[in-house]
1. If the Cβ limit is 9 Å and pairs must be 6+ apart or interchain, which residue in segment 57-71 that is closer than 13 Å to Ile12 by Cβ and open to solvent by 10 Å² or more (accessible area, probe 1.4 Å) pairs with which residue that is among the polar types (S, T, N, Q) and in a strand (DSSP E or B)?
2. So which of Ile164, Ile94 is open to solvent by less than 90 Å² (accessible area, probe 1.4 Å), touching a strand residue (DSSP E or B) at 6+ places or on another chain (Cβ under 6 Å) and closer than 18 Å to Ala78 by Cα?
3. Return the pairs, sorted by first residue and then second, in which the second residue is assigned to a helix (DSSP H, G or I) and aromatic (Phe, Trp, Tyr), the first residue lies in segment 41-55 and is farther than 17 Å from Leu20 by Cβ, the beta carbons are less than 6 Å apart, and the residues are 6+ apart or on different chains.
4. Show the residue pairs meeting these rules: Cβ distance below 6 Å; 6+ apart or different chains; first residue within segment 148-160 and surrounded by fewer than 13 Cβ atoms within 10 Å (Cβ to Cβ); second residue not in a loop (DSSP other than H, G, I, E, B).
5. Go through segment 12-38 and count every residue that is touching a residue at least 24 places away in the same chain (Cβ under 8 Å) and of a type in the set (Ser, Thr, Tyr).
6. Output the residue which, of all residues in segment 1-56 that are among the charged types (D, E, K, R), in contact with a strand residue (DSSP E or B) (Cβ under 9 Å, 6 or more places away or on another chain) and part of a helix (DSSP H, G or I), is surrounded by the fewest Cβ atoms within 10 Å (Cβ to Cβ).
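The values are calculated or read from the model by the stated rules, or taken from the named source; none is laboratory data. Here the structure is a predicted model, which means the values were calculated and not measured. No Cβ is skipped: glycine too gets one built from the backbone with ideal geometry, and neighbour counts run over all protein chains shown. These accessible areas exclude ligands, DNA and RNA; they are computed on the full protein's heavy atoms, side chains included. Shrake-Rupley method; radii C 1.70, N 1.55, O 1.52, S 1.80 Å.
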Amino acid sequence: MNRLIKLTYSSIKEKINDILFVETEVLKVHKDLYDSKAWTEKEFLYQLPRKDEISLAVEKKEKIIGFSIGYEFDLKYAHISRVAVLPTWKGKGIGRKLFLNQLSILEMLGYKRCSIDLVSKNKGALNFYQKFGFIQIQGENLKEYIKLKNRDIGEYIGQKATHIAMIKEF
């Protein structure tokens, strides 16, 4: 049976090899649909506001098979920065389980909105997030988001845009 766990800083340290394995496997299989390089232990352990309250993982036989890393981006505004499920578990409800629980936690903690970024080629992820009520950020709201997140405008706007930003209001 699959078990949902909170990813606190101590559990990330304890399970870092599992987390890095999931990250590497996802990148191998979905390299053009995921970030260009895998996160390292340093990125996973990087301290961010409320990260250890809203990040989750799913375990099977005490091994992590999927995770979702989130943090407080601004007051009552969360951002999900990393979602990965082992390719062998794709389509078996792991991502859905993570997301339903993570969004419930965010709502319970009083967050008003949550954002997520994805590679624009990743139509599967786009459809998945839309099922959970996320909508694409566009126009002036997108420009404001890019500025708030301190991102390169070319990643999100123009013919060579590589990313999509999405938001969900609670």
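1. As it stands, the answer is Tyr71/Ser81, since those pairs meet every condition given.
2. Values: Ile94 fails: closer than 18 Å to Ala78 by Cα.
Answer to the check: Ile164.
3. Asp52/Tyr9
4. What qualifies is Ile153/Ile146.
5. Looking only at that region, the number is 1.
6. That would be Glu43.
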